[in-house]
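This report concerns only the one structure given below.
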2 protein chains.
Amino acid sequence: MKECLFCKIASGEIPAKVVYKDEQVIAFEDIKPQAPVHIIIIPRTHIETIADMDTDNSRDLVDIFEVSKRIATDKNILEKGYRLVINCREDGGQEIYHMHIHLLGGRKMAWPPG
Amino acid sequence: MKECLFCKIASGEIPAKVVYKDEQVIAFEDIKPQAPVHIIIIPRTHIETIADMDTDNSRDLVDIFEVSKRIATDKNILEKGYRLVINCREDGGQEIYHMHIHLLGGRKMAWPPG
């Protein structure tokens, strides 16, 4: 998608602090971190929201969760724990309409989750 | 798992306000709701944390996300939006060690997510 910020990060057109990438998935630091570890993980495929995922692109979902484990391991928070958050559309607080998962850790996360 | 609260809910041994169930997944209202819609979705399979999911049980993950869309539709929040949250271990705020996704909606969710 020509005007999608996250597509531009995935293509390298816009720089980001990338912590992981492969052919399906790319992960980078959130520019407004809400925890000592705050990573955004996206599929390279432009899928607008989590509600647009279906059986055709479920592989992307599984890949993203595999990558979340890998990053948690790399950041040394796998055992202490972390929170995964997906915002869908307006009430969810989604700002960029390219589906993404927030991985937050390095501190005890509070409740409610927003 | 004999002593797992969520396994007991899945088996019907402990009652819950079930909003959806099939052979793989069951979903029920959170007993301490943090939003007008607050549903917990679990695989029937006892998997302790999201970090314990792997390629062998990735089908459970996809099923859970499919069910989250279905419940969002049923609760009439698909278009307005919602938030999905997965707490992993202590820092994530996980209380029941049977992997589950929180689906929250019916209000604008705030940031940070806990």
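The values are calculated or read from the model by the stated rules, or taken from the named source; none is laboratory data. These figures come from a predicted structure and were not determined experimentally. Positions of Cβ are backbone-derived with ideal geometry, glycine not excepted, and every protein chain shown enters the neighbour counts. Quick note on the areas: whole protein, heavy atoms, side chains included, nothing else; ligands and nucleic acids left out. Shrake-Rupley method; radii C 1.70, N 1.55, O 1.52, S 1.80 Å.
Here residue A:103 fulfils each of the conditions (1) under 17 Å from the mean Cα position of the chain (by Cα); (2) within 12 Å of residue B:113 (Cα to Cα); (3) within 7 Å of another protein chain (Cβ to nearest Cβ) apart from (3).
In the stretch A:80-97, of all residues being touching a Ser or Thr at 6+ places or on another chain (Cβ under 9 Å) and farther than 15 Å from residue B:101 by Cβ, the one that is most open to solvent (accessible area, probe 1.4 Å) corresponds to A:97.
Consider residue B:10 carefully, then state whether it is of a type in the set (Gly, Ala, Ser) and either within 14 Å of another protein chain (Cβ to nearest Cβ) or under 21 Å from residue A:51 (Cβ atoms) (or both). Please lay out each step first, then the result.
Details: of a type in the set (Gly, Ala, Ser): yes; either within 14 Å of another protein chain (Cβ to nearest Cβ) or under 21 Å from residue A:51 (Cβ atoms) (or both): no.
Spelling it out, it is not the case that residue B:10 is of a type in the set (Gly, Ala, Ser) and either within 14 Å of another protein chain (Cβ to nearest Cβ) or under 21 Å from residue A:51 (Cβ atoms) (or both).
Looking across the stretch A:54-77 at every residue that is over 16 Å from residue A:19 (Cα atoms) and open to solvent by 40 Å² or more (accessible area, probe 1.4 Å), the one that is farthest from the other protein chains (Cβ to nearest Cβ) is identified as A:56.
Looking across the stretch B:85-114 at every residue that is of a type in the set (Val, Ile, Thr) and in contact with a helix residue (DSSP H, G or I) (Cβ under 6 Å, 6 or more places away or on another chain), the one that is nearest to residue B:62 (Cα to Cα) is identified as B:101. Restricting the first member to the stretch A:35-53 and to residues that are over 9 Å from residue A:103 (Cβ atoms) and crowded, with 22+ Cβ neighbours inside 10 Å, and the second to residues that are among the hydroxyl-bearing types (Ser, Thr, Tyr) and at pLDDT 95 or above, the beta-carbon pairs closer than 8 Å and six or more apart or on different chains are A:50/B:68.
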